[in-house]
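The structure appears right after this line, and notes come after that.
The values are calculated or read from the model by the stated rules, or taken from the named source; none is laboratory data. Keep in mind that this is a model prediction, so the values were computed, not measured. So basically every Cβ, Gly included, is an ideal-geometry build from the backbone, and we count neighbours across all protein chains shown.
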Amino acid sequence: MTGFFSFHRFLAIIVKEFVQMRRDRVTFAMMIGIPIVQMVVFGYAINSDPKHLPTAILAADQSVFSRTIISAMENSGYFKIVRTVATEDEASFLIEEGEIQFVLTIPESFSRRLVRGEQPSLLLTADATDPSATSNALTAFRAVAEAALVRDFQGPLAHLKRGPPPLSVILHPSYNPEAITQYNIVPGLMGVVLTMTLVIITGLAITRERERGTMENLLSTPVKPFEVMLGKIIPYILVGYVQMGVIMLAGRFLFKVPMIGNLWLLLAVSFLFIAANLGVGLTFSTLARNQLQAVQMAFFFFLPSILLSGFMFPFRGMPGWAQMVGETLPLTHFLRIVRGILLKGNGLAQILPNLWPIGVFLVIALTIGLTRYRRTLD
Amino acid sequence: MTEVAPVIDVRDLTKTFGTNIAVNRLSIQVQPGEIYGFLGPNGSGKTTFIRMLCGLLRPDSGSGSCLGYDLFRESEQIKVQTGYLAQRFSLYEDLSVRENLQFMARIYGLPKIRVLVDETMERLGLTRFAGQLAGNLSGGWKQRLALAACLLHKPRLLLLDEPTAGVDPKARRDFWDEIYLLAAEGVTSLISTHYMDEAERCHRLAYLAYGNLLAAGTATEVVAASGLHTWTVTGENVHLLSATLKKTTGVEQVAPFGNILHVSGHDPEALGAALDNLDRGKYRYEQSEVSLEDVFISLMQNNRRDH
Ligand SMILES: Nc1ncnc2c1ncn2[C@@H]1O[C@H](COP(=O)(O)OP(=O)(O)O)[C@@H](O)[C@H]1O
Ligand SMILES: [Mg+2]
């Protein structure tokens, strides 16, 4: 009867939470209102000028000119050459995974045609999911490449300095060719709204019981901490899905965000993210002395989440320490997953590198929460 | 009667908060079916003691058992058979009467919840409030709901922390009728209260001040053990006497009860002498039975925090 976990006690908590949720108009309004308000507020993008974006080179032509262009790219500060790839497939896989932002393709006949003055083309492919991250670099590239080549045109090639531009650059922003920021913002909002509301709502869940004195009654019954925690989490997971639904519908019909990926996959992996946030909220509510403190703690978690996750500023534009902090936050990984699935059509294999960190985070948060949950009033 | 194991049996139970000793080496025994009263001024440790019994607080030291289970190691078993009514209303104000009871019934894993909740509401006269939010009930009905909630699982022991505070006299009387019925069914109750009439209804009682147990036993035993003697004084404007009497040697306490003054002290000769000085034409006085209240006032006066 007093075993470790009992379904009837767990069920009792769930039913109670649902009834209370239904009665609490403010919370209910918050759950639906916040996604809508945020969609409107963040409809405008925040731009910045990120540098050192990871770039891969797919060079079929190993001439001095190729090397000139590559080193000029690096000197410009916008690009950081991290890989050389052999095939187009490999390049597009790296972009899909989000490991690199650009691929520069130098065609086989590049130097030969350059010398002949045939204006050969360079192809710069960009992951433009987040246009604010790539637009400056794309703009800079053409000028950088031309200026560098002109310096190489000495002696017999000097005549190339005059005349038309020596090469043409083909820019290929994949995934979000029109550079519409909402495409990036709307999926991101999903993570932001879930973080904000779920951490606050569950942050209040246990603190409220303590503040209203109902904890005293709860503790005098045989109910276990784990049953209370889980019973409080489950109803809010549903809330999380309702919020996702609101945002996806608005994204689809208001902002016309393309959703090419598998929505079921997105819903499935969101479970982990939602649970992670609820775990944080519950942990806060075991630490906070009153509801105000719980809200403050939620805010202190929310701020770095929104600032350092790559939602507000392109992740790669942030300083190293900020990126390190960002990597520990579930929102960072969730943003990559959502954008990956919705805009790039990523599958499970591609999002896996961002899935497990959320899982680790969830386990840690729940463990802290459970050990901190006081079984007595001491 | 053969020897039966006490329902509550604690020895030297102590709880401190920082430097504040809330309960100081308290030892009491409560027998099955008994209604045991817990009295004492605010902050004397009644709530703290009751919380330790039902596993809400961990005692710092001492030993004890409740319903035969060890207080330190078996609080889970104690919880299953105990009904605790907290001093502050601790059910959900945003749930209806029925929802609150259903919640508690589920928590205890009780069978046939619907029937059980209906029966319990019927028994305590809550049926007509079934759909009302608990937060909208009056004080008396809230307490009845709280009592109903801790009776659902048919506990053998009730721990009631000031269940009738702020409740009107009629509701208090009904509440006590219920406690008596339960006692007749064999349920043991430990009740803390500030009301003297309630103290007198208890089979036995304990008086606490600043964490110390000052007196325990039946009302008669407590009065006898106090060694107190009381005279009542009546007459025109008798309350004007009170200040003078307090300064008279032999008089330890003067307490007005309406138009009567209770004058008490431990030394009957000195007390009698003090009263002989009164104007017999104006005032009538006579030795009377010592009331529980006289005893408690005396206990409280002699046990100020500063000693
Ligand atoms: N949770 C707590 N933390 C700190 N001090 C407490 C706590 N609970 C009670 N106390 C202190 O313990 C003493 C006894 O309080 P309590 O048991 O509530 O007395 P009573 O119920 O008789 O009024 C008081 O001095 C009170 O301030
Ligand atoms: Mg109290």
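With the structure loaded, tell me whether B:R114 is within 16 Å of ligand 2 (Cβ to nearest atom) and without any contact (Cβ under 8 Å) to a residue 60 or more places away in the chain or whether it fails that test. When the stated conditions are applied, B:R114 does not pass them. I'm trying to understand the selection: among the residues of region B:1-13, which are under 18 Å from B:L158 (Cα atoms), over 16 Å from the mean Cα position of the chain (by Cα) and not in a loop (DSSP other than H, G, I, E, B)? Across region B:1-13, the qualifying residues are B:D9, B:V10.
Of all residues in region B:62-89, exactly one satisfies the criterion of being touching a Ser or Thr at 6+ places or on another chain (Cβ under 6 Å), within 7 Å of another protein chain (Cβ to nearest Cβ) and surrounded by fewer than 21 Cβ atoms within 10 Å (Cβ to Cβ), namely B:E76.
Considering only residues in region B:101-115 that are within 14 Å of chain A (Cβ to nearest Cβ) and over 29 Å from the mean Cα position of the chain (by Cα), the one that is surrounded by the fewest Cβ atoms within 10 Å (Cβ to Cβ) turns out to be B:P111. Residues that are closer than 18 Å to B:G272 by Cβ and under 33 Å from the mean Cα position of the chain (by Cα) were ranked within region B:243-254; the one that is surrounded by the fewest Cβ atoms within 10 Å (Cβ to Cβ) is B:K247. In region B:19-26 there is no residue matching the filter, namely being modelled with pLDDT under 95, away from ligand 1 (no atom under 13 Å from the Cβ) and within 14 Å of chain A (Cβ to nearest Cβ). Candidates are the residues of region A:97-138 that are of a type in the set (D, E, K, R) and surrounded by fewer than 19 Cβ atoms within 10 Å (Cβ to Cβ); the one that is farthest from A:M259 (Cα to Cα) is A:R116.
The set of residues from region B:37-61 being surrounded by 22 or more Cβ atoms within 10 Å (Cβ to Cβ), away from chain A (no Cβ under 14 Å) and away from ligand 1 (no atom under 11 Å from the Cβ) comprises just one member, B:G37. When B:T48, B:T16 are checked against the criterion of being in contact with a Leu (Cβ under 7 Å, 6 or more places away or on another chain), within 25 Å of A:R374 (Cα to Cα) and of a type outside the set (A, V, I, L, M, F, W, C), B:T48 stands alone in meeting it. Test B:L181 against the criterion of being assigned by TED's automatic domain parsing to the domain that holds B:T47, within 19 Å of B:V7 (Cβ to Cβ) and surrounded by 15 or more Cβ atoms within 10 Å (Cβ to Cβ), and give yes or no. So B:L181 does not fit the description; no. Look at region B:260-306 and say how many of its residues are loosely packed, with under 15 Cβ neighbours inside 10 Å, more than 25 Å from the chain's Cα centre (by Cα) and assigned to a loop (DSSP other than H, G, I, E, B). The qualifying residues number 6. Figure legend. Inter-residue proximity from region A:201-229: first residues within 11 Å of chain B (Cβ to nearest Cβ), second residues of a type in the set (D, E, K, R) and in a loop (DSSP other than H, G, I, E, B), beta-carbon distance below 8 Å, spacing 6+ or different chains. Indicated pairs: A:R212/B:E93; A:G213/B:R88; A:E216/B:R88; A:L219/A:R375.
Residues in region B:14-43 that are closer than 30 Å to B:A184 by Cα and within 13 Å of ligand 2 (Cβ to nearest atom): B:F38, B:L39, B:G40, B:P41. Filtering region A:330-360 to residues that are under 10 Å from the mean Cα position of the chain (by Cα) and not small (G, A, S) leaves A:P330, A:L331, A:T332, A:H333, A:F334, A:L335, A:R336, A:I337, A:V338, A:R339, A:N354.
Quick one: would you say A:L266 is modelled with pLDDT of 85 or more and more than 14 Å from every other protein chain (Cβ to nearest Cβ)? For A:L266, the condition - modelled with pLDDT of 85 or more and more than 14 Å from every other protein chain (Cβ to nearest Cβ) - is met.
Would you be able to say whether some residue in region B:132-139 is of a type outside the set (D, E) and either within 16 Å of ligand 2 (Cβ to nearest atom) or within 21 Å of the chain's Cα centre (by Cα) (or both)? Yes, that holds for at least one residue.
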